[in-house]
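The values are calculated or read from the model by the stated rules, or taken from the named source; none is laboratory data. Worth saying up front: this structure is predicted, and the values here are computed from it rather than measured. Cβ: placed from backbone, ideal geometry, glycine included. Neighbour counts: every protein chain shown. Surface areas here come from the heavy atoms of the whole protein model, side chains and all, with no ligands, DNA or RNA. Shrake-Rupley method; radii C 1.70, N 1.55, O 1.52, S 1.80 Å.
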Amino acid sequence: MSELINFINKKASQDEVSRYCDWLSSESRLSEIYALPAKMQEGLFSIARGNIKLTDMIPASTAPYVPVVFHGINSMPAFRKFQKVLCRTEDSTTLIGYNKQAMEWFTGPGYFIVTENSDRAGNELHFDYNQNIKKWPNGWPAYKDSNKGVSTLVYGKLHDYVRQVSSHIFIGEAMKQGKKVGYFILCREEMVRGETKAA
């Protein structure tokens, strides 16, 4: 059972949760987030900290266009596990990324831009799937507009608002046209000299 359940049930502080998660090994962090019931992700979101920066997700020392992998699990009833792969760009005010998941061949990669300019209170990071992306790392899938074709079923009009749980763990609330559609947790792989090391 995930220890995060106990933290959520007792309405622990973000600092308390962060200390525990930072103490865990990479493998244990993943075990924790995968074991947390989908219905409890909202509780973790309420504990998590807003007022975060792009450099909390990817350190400023990471070279532009070096991919950083975040393992994820969402609150949906199916296809829950996925990855978000992100990188810095030459522009220090944005990150870019895409979704790597079992149905990517059908839904498309779901490219997004990440900024600190959230349109909500709380200074959350804003993952916007509705912006054109002109450049991405070699080896990433071809860009596909999230608001055209089949992609729009999953990514069209989608906005994620992400808060920080700990140094490696983040949680987001997904919104479409102003309506909440679910939550997801991300766990960043360890990084060595600006590159991702397998968890």
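Here are a few things to note about the model shown:
- Matching residues in the range 54-107 - criterion: being hydrophobic (A, V, I, L, M, F, W, C), on the phi < 0 side of the Ramachandran plot, part of a loop (DSSP other than H, G, I, E, B) and open to solvent by 40 Å² or more (accessible area, probe 1.4 Å): ALA60, ALA63, MET76, ALA78, ALA102, MET103
- Matching residues, the range 27-52, being in contact with a His (Cβ under 9 Å, 6 or more places away or on another chain) and either open to solvent by less than 20 Å² (accessible area, probe 1.4 Å) or outside any helix (DSSP H, G or I) (or both): ARG29, ILE33
- The set of residues from the range 110-138 being out of contact with any Lys or Arg (no Cβ under 6 Å at 6 or more places or on another chain), open to solvent by less than 40 Å² (accessible area, probe 1.4 Å) and assigned to a loop (DSSP other than H, G, I, E, B) comprises GLY110, TYR111, SER118, TYR129, ILE133, PRO137.
- Filtering the range 167-179 to residues that are buried (at least 21 other Cβ atoms within 10 Å of the Cβ) and within 16 Å of ILE58 (Cβ to Cβ) leaves HIS168, ILE169, PHE170, GLY172.
- Selection status of GLU16, in a helix (DSSP H, G or I), in contact (Cβ under 8 Å) with a residue 12 or more places away in the chain and open to solvent by 30 Å² or more (accessible area, probe 1.4 Å): no
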